[in-house]
1. On a 0 to 90 degree scale, rounded to 10, what angle separates helix A:30-51 from the longest Cα axis of chain A?
2. If you take every residue apart from B:LEU71 with its C-beta less than 12 Å away from the C-beta of B:LEU71, what net charge results, scoring Lys and Arg +1 and Asp and Glu -1?
3. What aspartates and glutamates does A:LYS88 reach when the alpha-carbon gap must be under 12 Å and sequence neighbours fewer than 8 apart in one chain are set aside?
4. Just to be sure I understand the rule: take each whole DSSP H helix in chain B, project its Cα atoms onto its long axis, keep it if the span is 27 Å or more and its mean Kyte-Doolittle hydropathy is at least 1.6. Which ones pass?
5. In nm, give the distance between the simple-model label positions of B:ASN29 and B:ILE103, each being 7 Å from the Cα along the Cα-to-Cβ direction.
6. Give a quick list of chymotrypsin sites (Phe, Trp or Tyr not before Pro) in segment B:28-123 that DSSP marks as loop, anything other than H, G, I, E or B, with at most 16 other Cβ atoms within 10 Å.
7. Assign unit charges at the C-beta atoms only (+1 for Lys and Arg, -1 for Asp and Glu), then state the dipole size of the protein assembly as shown relative to its Cα centre in Debye, rounded to the nearest 20.
8. Remind me, relative contact order of segment B:17-99 in percent, using alpha carbon pairs under 8 angstrom and six or more residues apart?
Amino acid sequence: MSAIPLTYYLVLSAFLLCSGLLMVLIKKNAVFVLLGIELMLNAANLNLVAFSKFNPNLDGQIFAVFSVVVAAAEAAIALSILLNIYKKFDSSDLDDLNTMEY
Amino acid sequence: MKMEIVDILFAFFGAMVVLPVIYMLITRNIIRAAFALVISLLGIAAIYVLLNAELMAVVQILIYAGGIIVLLIFGIMLTKRVSDEGVVSEHRNVIIGSALATILLGLLTWGIFQSGLVWEGEPNTVDQVRTIGISFMTDYLLSFEVIAFLLLVALVGASYLAKRSGNI
């Protein structure tokens, strides 16, 4: 039935985490940084679901559902903040955000 | 080792997750990156199906590929004029960032293969939607209510933030 070992899923998840981190580090635009954060959250979800495959309580999947809801809330808040930043600075490059006064 | 259909499916959907992510890393166009992320998220949903997690696969398609991506594309289109010069983003700190991410990936992969984690027992065959629903209403009731309130507060806060920016 389960020919694929658990470690393969964990390596895939580690790849998603590292590429999300790399995207947060190297991109200048704030929307790219949000995409990288979504990738990292997906890596965590993949780990949780993989660990709960053989668990009849399904605790891992319940955690993953909570994590998805938190990701949706985070995306909504982050994008409305990004809209405000764009109206204030006329740019969504993170390097241009060099003042804290409003 | 004999190739089974599950191995081929895992390889296919793993490539469907990995290749768009690599494309997202090298492209400068934000719209293309957002649509590549859609393909990657659908691949993750397929991998959830391979992991016997049908509910999570449906949630992934509905909320990530349906909701969050639409939000992100709205965010791109409201902050940039897509038709003008193309929505591009520069890179910076490429070398040190790649070095850090590669070292972290190597360490994680080494640790994962070193740990020798395996699944034990039998794969669960319970009715997932029923089990998760019962857990939400019994063991995780407080967490469920708190997360519902968090979502409400986040939506109210997001609409308030977006409205205030229009008045000032």
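Throughout, read-outs are computed from the coordinates displayed, never taken from laboratory work. Note that the structure is a prediction, hence the values are computed from the model and not measured. Every residue, glycine among them, receives a Cβ derived from its backbone with ideal geometry; neighbour counts consider all protein chains shown.
1. The answer is roughly 10 degrees.
2. With Lys, Arg at +1 and Asp, Glu at -1, the neighbours total -2.
3. A:ASP96, A:GLU101
4. Qualifying helices, which must be both long enough and hydrophobic enough, are B:5-26, B:30-50, B:94-115.
5. With each label point 7 Å from Cα toward Cβ, the separation is 3.5 nm.
6. For chymotrypsin sites (Phe, Trp or Tyr not before Pro) across segment B:28-123 that sit outside H, G, I, E and B with at most 16 neighbouring Cβ atoms in 10 Å, the list reads B:TRP119.
7. 600 debye
8. 33 percent
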